[in-house]
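Below: the structure, in structure tokens.
What follows is calculated from the coordinates using simple rules that are stated; it is not laboratory data. From a predicted model like this one, the values you see are computed outputs, not experimental measurements.
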Ligand code: CIR
């Protein structure tokens with residue numbers, strides 16, 4: 001169960017965020033509104049939400065998930081793989097230092113975006129991507145092992161981050177699209193298939209038996225509801241324009 005979340009208000013400079021999508025520039029006013037609704041959804045799931053102020057220095061800073069991993073045993077500050085995002089971690093470090101657990105860190109030459117890290121109980125799957133390298137994963141696994149947790153790596157072929165294509169919904173259910181539909185490491189899970197047209201919905205978020213799903217993905221929503229979850233649809237279209245998904249917008253713990 002999660003009890004808290006940390007989010008960061010999008011900055012105006014979000015329109016200059018890193019992107020591979022051909023969906024146009026985000027509309028800032030709409031992004032702010034969508035972010036408010038996202039916070040409301042987190043609160044509806046029972047979370048206490050800490051909202052950090054926007055930081056214009058970092059266009060992608062609203063995608064706070066990539067900067068840290070908060071586990072029950074410790075918090076880990078990442079070393080984001082994109083040069084323009086590295087400085088985002090400094091303010092997060094201040095916030096994490098005020099939590100009730102020790103704070104660890106990923107150091108260069110290791111790089112790690114926590115969008116590449118998927119928690120399944122006390123095991124953490126780590127995507128090896130353009131942002132997360134083998135040394136970053138090695139450091140994270142060493143930290144996890146020191147706190148009675150484990151980790152393993154998954155090589156990514158096509159997606160930005162591991163959780164772009166796969167999300168764990170607890171109770172052995174895993175939502176998957178594309179390259180993860182038949183991945184040998186995920187064979188033991190009950191896979192909820194997301195079709196190619198709705199692959200953006202493979203990034204969804206389990207929070208205390210409710211699942212946040214990006215709005216406009218009716219087949220994915222139905223699949224997840226049929227598995228027994230209450231779904232909350234949240235419109236994050238302005239964040240999708242800069243490759244962001246639902247999970248990237250918060251740290252949940
Ligand atoms: C980036 O490329 O870093 C941002 N524009 C999007 C980050 C999305 N984060 C995530 O999937 N965890």
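Mind checking which of 184, 102, 72 has the largest fluctuation in a GNM of the chain, springs on alpha carbons under 10 Å? Its mean-square fluctuation being the largest, the pick is 184. Dividing the mean sequence gap of close Cα pairs (under 8 Å, 6+ apart) by how many residues the chain holds gives a relative contact order of 23 percent. Separation of region 119-176 from region 228-253 is 19 Å, based on Cα centroids. Counting only DSSP H runs of at least 4 residues, each contributing -39500 (n - 2.57), and dividing by the residue count of the chain, the helix-based mean residue ellipticity at 222 nm comes to -6500 deg cm²/dmol.
Extension gain, residue 193-residue 145: 0.36 nm per intervening residue step, less the Cα-Cα distance, totals 14.1 nm.
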